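The block underneath contains the structure these notes are about, expressed in structure tokens.
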Amino acid sequence: MKTLYNILLISLLLFTQKSFSNHLLGGEITYKWKGGKKVEITLKYYRECQGVPFNNPSIYIFDYKKSSNRTLIPSTRILIQDLTIRCPDSTSSVCTSNQVSGDGVELHVYVSTINFDSLPYKMFVDSGICQIGIGTDQCCRSGYITNKFSCEFFIWKV
């Protein structure tokens, strides 16, 4: 029995892997009217550098009153920036651009321009929808954030 226990223990030690399923610390959505029926949407995500790399978020607009009619918005990442503040004598590893790396925080910025005169966004105007929400959600929030039961990360803007 002791031999079986030792084999099992050795197997567990040899074949375990570290996995990361967290990465998002926070985010913000802003929008700016660009004239006519065009709106520029900017999304900022704050990524924990020890978490998984961050790619292609789902960004959408929706009927805010009904939380329906989700329409995806194509976006372009325009910036990845290390925001980590380190002491001059720090020996901690650097946050490597969108990689699993040392301690720190990284800023990812995405921009998209939508035109409410063009499909598929025109349907919001044609339907008389007055409150349009902008949203994004991702799996998963950082394990360091403990004030929420869900591991899903989401932000909305009306």
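Worth a mention:
- Matching residues, the stretch 82-119, being closer than 30 Å to W33 by Cα, without any contact (Cβ under 8 Å) to a residue 60 or more places away in the chain and loosely packed, with under 12 Cβ neighbours inside 10 Å: S118, L119
- Selection of the stretch 67-81 for residues being part of a strand (DSSP E or B), among the polar types (S, T, N, Q), surrounded by 14 or more Cβ atoms within 10 Å (Cβ to Cβ) and on the phi < 0 side of the Ramachandran plot yields only T71.
- Within the stretch 35-66, the residues that satisfy the criterion of being on the phi > 0 side of the Ramachandran plot and outside any strand (DSSP E or B) are G36, N56.
- Some residue of the stretch 56-66 being surrounded by 18 or more Cβ atoms within 10 Å (Cβ to Cβ), under 19 Å from G135 (Cα atoms), of a type in the set (A, V, I, L, M) and in contact with a His (Cβ under 9 Å, 6 or more places away or on another chain): no
- Those residues of the stretch 32-72 which are closer than 17 Å to F116 by Cα and modelled with pLDDT of 90 or more, in sequence order: K32, W33, K34, G35, G36, K37, K38, V39, E40, I41, T42
- Of all residues making up the stretch 91-126, the number that are within 20 Å of Y45 (Cα to Cα) and assigned to a loop (DSSP other than H, G, I, E, B): 11
The values are calculated or read from the model by the stated rules, or taken from the named source; none is laboratory data. Just so you know, these numbers come straight off a predicted model, no measurement behind them. Neighbour counts are summed over all protein chains in view; Cβ atoms, including those assigned to glycine, are modelled from backbone coordinates with ideal geometry.
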